Amino acid sequence: MKLSALFLPLLALLLAACASTPHASRGSAGTLLIVGGGLDDDARPVYERFLELASARGPANLLIATAATGAQEDEVVDKTEALRVWAPGVPVRAILRETSTDETVAAIDAATAILFTGGDQKRITDRYRPNDADTPEWRAMQRLLARGGVIAGCSAGDAMMGEVMLLGGGSAAALGIAPTVEKPGEPVELGPRVGPGMKFLPWALTDSHFFERDRVGRLVAALEATKTRLGIGVGEDGCVEVDLATATLRGVGVSEALLVDVIHLQRDGLRRTNVLARPIQQGDTVSLRTRLAAPPPLLPAGIGGSVRDVPVVEPGQNRQLASWRIFRCAAAPGGSGQRLQLDGWQVLAWPANDDGEVVFEVGPR
């Protein structure tokens with residue numbers, strides 16, 4: 001039977017659409033918990049939500065994945081003890097970098113939840129998605145999500161969630177700004193350092209230690225370079241939950257996160273302007289699917305009014321979180337322009353609307 005001339009182009013379009021569908025959207029019913037790093041043992045909201053999701057469809061069976069971590073055995077003890085505080089009787093197992101494929105797959109298939117520990121996110125992809133390839137271990141993780149399981153990741157486990165991921169580097173270098181003082185033997189790579197991620201999250205690129213390490217500049221640069229519209233930066237002890245079935249983002253941790261949208265981004269030399277952001281606090285919800293499908297939010301005419309300089313007290317921020325304060329102050333009702341000057345670069349932010357949205361730019365000082 002011959003296909004009609006009309007049907008052939010439609011078939012080609014359908015096949016192309018199927019081929020371009022992100023891995024993580026394959027009918028998944030699971031949940032991601034994206035933890036910004038520095039997760040303390042007493043971070044009750046994060047641990048309780050992890051355990052609640054892990055036991056949602058039956059008895060919890062927890063798995064710790066330490067591929068990113070240097071001292072893996074120590075990390076297993078640390079995270080096992082933390083989980084025991086909140087769920088003394090729940091079984092906890094671990095998979096290391098050296099754990100065989102067969103043993104790893106069996107452990108994942110028996111688990112209801114995986115917790116990826118921190119370290120170097122490239123170690124995670126090298127072990128479970130080398131050369132960006134589907135592996136038996138990665139397919140087992142997809143099966144875990146498909147049956148309604150949860151994958152959580154701290155620090156490096158946060159960074160690896162998306163189709164692409166940040167590999168490292170600071171904001172100034174990612175924006176193309178050369179350091180004022182170069183350290184001998186440490187050449188600086190200008191531009192965002194990115195590579196293939198674990199492909200659990202199809203709608204956004206993620207970053208960790210976000211406010212503490214002033215990473216908004218590198219996230220914007222990475223979104224621009226990879227043509228990814230949305231970014232999620234999560235602070236230490238912060239956590240956001242993503243329901244993969246509904247594409248709903250929800251704030252879980254006491255510390256906050258920042259949803260970044262580069263739909264209006266423009267370049268002026270090394271400056272990136274007209275970037276949108278929304279602080280995400282505990283209990284806030286955002287539909288990522290709706291955000292991507294809806295008409296882009298309108299931008300205000302300009303910054304208007306005076307600009308307040310956000311102070312950073314030497315010798316450094318520690319937990320002062322100036323990179324969080326600038327967005328929270330700009331988003332507050334009646335908020336005004338805010339400027340944060342850092343090492344070689346700066347952030348300028350101001351209210352976008354009365355709904356907690358912020359417009360900002362990043363670039364050289």
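Each residue of segment 325-333 in order: what ³J(HN,Hα) in whole Hz does its phi give by Karplus 6.51 cos²θ - 1.76 cosθ + 1.60, θ = phi - 60°, with x for Gly and Pro?
4, 4, 6, 5, 5, 5, 7, 5, x
How large is the helix-only mean residue ellipticity at 222 nm for the chain, computed as the sum of -39500 (n - 2.57) over DSSP H runs with n ≥ 4, divided by its residue count, in deg cm²/dmol to the nearest 500? Each step should come with its number before you reach the end.
Values: 11 runs with 103 residues, N = 365.
For the chain, the value works out to -8000 deg cm²/dmol.
Between Arg339 and Gln281, 0.36 nm times their residue separation minus their Cα-Cα distance comes to what?
Values: separation 58, 0.36 × 58 = 20.88 nm, distance 2.16 nm.
Extending this stretch completely gives an extra 18.7 nm.
Which value in Å does the Kirkwood hydrodynamic radius of the chain take, with 1/r averaged over all unlike C-alpha pairs and then inverted? Let's see the in-between values first.
Working: mean 1/r = 0.0470 Å⁻¹.
Radius from the Kirkwood sum: 21.3 Å.
Could you give the length gained by full extension between Asp354 and Arg93, i.e. 0.36 nm per residue of separation minus their alpha carbon distance, to one decimal place?
Values: separation 261, 0.36 × 261 = 93.96 nm, distance 4.72 nm.
Result for the pair: 89.2 nm of gain on full extension.
Which order do the peptides 218-231, 264-277, 146-159, 101-114 come out in when sorted by mean C-beta neighbours inside 10 angstrom, highest first? List each step's numbers first, then the result.
Numbers: 218-231: 21.6, 264-277: 16.3, 146-159: 25.3, 101-114: 18.6.
Per-residue Cβ counts within 10 Å, averaged per peptide and sorted highest first, yield 146-159, 218-231, 101-114, 264-277.
Need the C-alpha centroid separation for segment 235-251 versus segment 117-171, integer Å.
For segment 235-251 versus segment 117-171, the Cα centre distance is 16 Å.
Want the number for Thr290 to Asp268: 0.36 nm per residue separation, take away the alpha-carbon distance, what's left? The partial results should precede the final answer.
Values: separation 22, 0.36 × 22 = 7.92 nm, distance 2.95 nm.
Result: 5.0 nm gained on full extension.
What is the set of long-range amide H partners of Arg93 at a cut-off below 5 Å, with H atoms built 1.01 Å from backbone N?
Leu62, Leu63, Ile64
Considering every Cα-Cα pair within segment 307-364, what fraction, in whole percent, is farther apart than 15 Å? Each step should come with its number before you reach the end.
Working: 742 of 1653 pairs.
The calculated P(r) of segment 307-364 puts 45 percent of pairs beyond 15 Å.
Rank by packing, highest mean first: peptides 334-344, 36-46, with packing defined as the count of other Cβ atoms within 10 Å averaged across residues.
36-46, 334-344
No lab work stands behind these numbers, since they all come straight from the coordinates. A quick note: this is a predicted structure, and the numbers were derived from the prediction, not measured. Reconstructed Cβ throughout: ideal geometry from the backbone, glycine too, with neighbour counts over all protein chains shown.
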